[in-house]
Each structure stands twice: as structure tokens, then as C-alpha cells.
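Q: Structure below; questions to follow.
The values are calculated or read from the model by the stated rules, or taken from the named source; none is laboratory data. Owing to the predicted nature of the structure, the values given are computational and were not obtained by experimental measurement. Virtual Cβ from ideal backbone geometry, glycine too; neighbours counted across all protein chains shown. Accessible surface is based on the protein model in full, side chains and every heavy atom, while ligands, DNA and RNA are left aside. Shrake-Rupley method; radii C 1.70, N 1.55, O 1.52, S 1.80 Å.
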Amino acid sequence: MATCDTRLTRRELVAEGTMAFYFAKPPGFRHLAGQSLTMTLIDPPQTDDEGDSRTFTIAAAPHETDLMIATRMRDTAFKRVLKSMPVGTVVRIDGPNGVMVLHDDATRPAVFLAGGIGITPFLSIARHAAHDQLPHRLYLFYSNRRPEDAAFVEELQKMEQVNSKFRLIATMAEPDKSSHSWSGETGFIRPDMLQRHLPDVKTPIYYFAGPPAMTMAMQTMLEDIGVSADAMRSEEFYGY
Ligand SMILES: Cc1cc2nc3c(=O)[nH]c(=O)nc-3n(C[C@H](O)[C@H](O)[C@H](O)COP(=O)(O)OP(=O)(O)OC[C@H]3O[C@@H](n4cnc5c(N)ncnc54)[C@H](O)[C@@H]3O)c2cc1C
């Protein structure tokens, strides 16, 4: 792991209350799709008890020019500074870190279970797989409360046309609270949803990311359908 400085190049809204931030890739910085970094604000104009550092997945793929992170804009000093600091502001990063990277054995499909902004490692892996034409079959189950909360969903829908081995199954837990119509899956990711969309639930390697209650529920669900522990990959991300 290396520590280096980088600067903000741009930011954009990617879903309701959800922003992406782009940083120049420092010379020599290399990451694997799905890995993360820890970002520290340098002398921020405000701070609070939650501190000046956060761990984020690098949502951009390794071939991209910038490092991109994405997050829900909760009301903390860290996020207020991130949202308002001028383009060009320098931040410190440590990384890359993490084990949410695609397995080598392409005969086993990857199944990604994403809750909300936990989509970030899978966005990076999906972009990387499409760019490098990886042979793996990829199934992304992406659960949000409402369509307007689903960051990058349009890009992921289009990716099915670019990469014939990629499937997106988006599901909305609270579609009735949306101002958009929704005709896809509804509710949390459940065993019957996996069984309807996967040719076989036992052979894939499963990856999951999202709020702690979701990742715990995914682990229990997979254990209940007979998936072994060595076929499950996740990491613990707290403090957003
Ligand atoms: C590996 C990993 C990487 C992460 N990377 C990032 C990152 O780069 N940036 C970042 O900001 N955060 C990241 N997180 C943190 C994280 O995803 C947030 O804690 C979380 O998503 C909370 O915000 P939300 O508004 O998206 O969740 P919510 O909107 O509360 O939940 C998202 C969805 O999860 C589902 N869900 C919720 N509870 C349950 C349950 N009990 N059972 C089943 N499904 C449920 C629902 O469909 C819900 O719509 C990461 C987490 C992990 C584990």
C-alpha cells in the first residue's frame, strides 16, 4: 500500500443524494477492479467526531484515466467538504487495498449482490470485464429502495449490449414510494430471485456489498441455499 496525494478533477450527481468524485490518478498508481482506497482530507475547513478519513471503493476501472469514488451525501463534515471543495483541491490517498476482486477461474460465474451504493466494486469489475473482454459470466443483482436511488443503473443496463456475458437484475424494495414507474423485480434479493435468474445457484462465486444489514442477510441467505463459505466474498465497510 502506498500513500500519495491527488487532486479533485470533477464531481457529478449520479442518483438522488448520491455523488461521484473524480481524482487524477497519481503516476504509478495501479489497482485491480473492485479494490478500495482510504481518502484523507488535508487541513479541511470543518471536521467532526467522524474524522477526516473514509474508505471508498474505486468505482472506476483500472484502464480509466481518473480514480472515481461514489457515495451517498449524508450530512457529515467530511461529505460537506467533499461536496464543496474547489476542483483542484489536494487530498491524500492510501491504497489500493481489498480483496473484492474477480476470481481467476472463468468456468465459474460471478454473482454480485449489491445494496445501494455498495454497487461501486461491481461497477468497476463490470467496466473492466467489458473493456478487457473477460470470459467470465457475470450476474449483477442490484437492489435499491427506488429507481431514483440506483446509481449508474442506465450504464449497467446498456452494458448488457456491450458484454453478452453480463446480466443485470435490478430490484426495487420500495417502488411505490417512487415518482417513476418500475416494471422489474421488486423487494430484497431473495433465494427465489437467484433461482429464477441463475442457471445454477451452487457453482458461482458470490460477492456482496451494501449496508451491514444487507450483507449479513446475503450471507445467511447463501448459507441457507447451500453455498459454501469459500464461494463467498465480501468486506466490511462501516462509517459512511
Ligand atoms: C465491499 C463494500 C464496498 C463499499 N463501497 C462503498 C463506496 O465506495 N462508497 C460508499 O459510500 N459506501 C460503500 N459501501 C458502504 C455501503 O454500501 C453503505 O453502507 C450502504 O450502501 C448504505 O447506503 P445506502 O443508502 O446505499 O443503503 P440503503 O439504501 O439503506 O440500502 C440499499 C439497499 O440494500 C437492500 N437492503 C437493505 N437492508 C437489507 C436487508 N436487511 N436485507 C436485504 N437487503 C437489504 C435494500 O434493497 C436497500 O434498498 C461499501 C460497502 C461494502 C460492504
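Q: Under 8 Å by Cβ, and 6 or more places apart or on different chains, what pairs join a residue from the range 199-216 that is assigned by TED's automatic domain parsing to the domain that holds Gly116 with one that is open to solvent by 60 Å² or more (accessible area, probe 1.4 Å) and in a strand (DSSP E or B)?
A: Ile205/Arg233; Tyr206/Arg233; Tyr207/Arg233; Phe208/Arg233
Q: If you don't mind, another one. Go through (1) under 20 Å from Arg80 (Cβ atoms); (2) in contact (Cβ under 8 Å) with a residue 60 or more places away in the chain one by one and return the number of the condition Thr38 breaks.
A: (2)
Q: Could you tell me which residue of the range 110-148 is nearest to the ligand (Cβ to nearest atom), considering only residues that are under 27 Å from Lys177 (Cα atoms) and surrounded by fewer than 20 Cβ atoms within 10 Å (Cβ to Cβ)?
A: This residue is Arg145.
Q: Looking at (1) within 15 Å of the ligand (Cβ to nearest atom); (2) of a type in the set (D, E, K, R); (3) not in a helix (DSSP H, G or I), which one does Asp200 not meet, given that it meets all the others?
A: The one condition Asp200 does not meet is (1).
Q: Go over the candidates Thr71, Thr40 one by one and state the one that is among the hydroxyl-bearing types (Ser, Thr, Tyr) and under 11 Å from the mean Cα position of the chain (by Cα).
A: Details: Thr40 fails: under 11 Å from the mean Cα position of the chain (by Cα).
Of the residues listed, the single one that is among the hydroxyl-bearing types (Ser, Thr, Tyr) and under 11 Å from the mean Cα position of the chain (by Cα) is Thr71.
Q: Does Asp176 qualify as being of a type in the set (D, E, K, R), part of a loop (DSSP other than H, G, I, E, B) and not assigned by TED's automatic domain parsing to the domain that holds Ala15? Please lay out each step first, then the result.
A: Values: of a type in the set (D, E, K, R): yes; part of a loop (DSSP other than H, G, I, E, B): no; not assigned by TED's automatic domain parsing to the domain that holds Ala15: yes.
The answer is no for Asp176.
Q: Let me ask something else. Within the range 58-98, how many residues turn out to be open to solvent by less than 30 Å² (accessible area, probe 1.4 Å) and within 16 Å of Ala126 (Cα to Cα)?
A: Counting residues in the range 58-98 that are open to solvent by less than 30 Å² (accessible area, probe 1.4 Å) and within 16 Å of Ala126 (Cα to Cα) gives 8.
Q: Is it the case that the range 155-163 has a residue that's open to solvent by 30 Å² or more (accessible area, probe 1.4 Å), within 11 Å of the ligand (Cβ to nearest atom), touching a helix residue (DSSP H, G or I) at 6+ places or on another chain (Cβ under 6 Å) and free of Cβ contacts under 8 Å to residues at least 60 places away in the same chain? Outline the logic, then answer.
A: From the range 155-163, those open to solvent by 30 Å² or more (accessible area, probe 1.4 Å) are 155, 157-158, 160-162; that's our starting set.
Then drop every residue that is not within 11 Å of the ligand (Cβ to nearest atom), which leaves none.
Looking through the range 155-163, none of the residues is open to solvent by 30 Å² or more (accessible area, probe 1.4 Å), within 11 Å of the ligand (Cβ to nearest atom), touching a helix residue (DSSP H, G or I) at 6+ places or on another chain (Cβ under 6 Å) and free of Cβ contacts under 8 Å to residues at least 60 places away in the same chain.
Q: Among the residues of the range 211-227, is any more than 10 Å from the ligand (Cβ to nearest atom), touching a helix residue (DSSP H, G or I) at 6+ places or on another chain (Cβ under 8 Å), among the charged types (D, E, K, R) and in a strand (DSSP E or B)?
A: no
Q: Being in contact with a strand residue (DSSP E or B) (Cβ under 6 Å, 6 or more places away or on another chain) and away from the ligand (no atom under 14 Å from the Cβ) is the filter here, so list the residues in the range 228-240 that pass it.
A: Passing the criteria: only Ala231.
Q: Let me ask another. Please list, ordered by first then second residue, the pairs with beta carbon atoms under 9 Å, 6 or more apart or interchain, first in the range 75-90 and in a helix (DSSP H, G or I), second of a type in the set (Gly, Ala, Ser).
A: Matching pairs, first to second residue: Ala77/Gly51; Phe78/Gly51; Phe78/Ser53.
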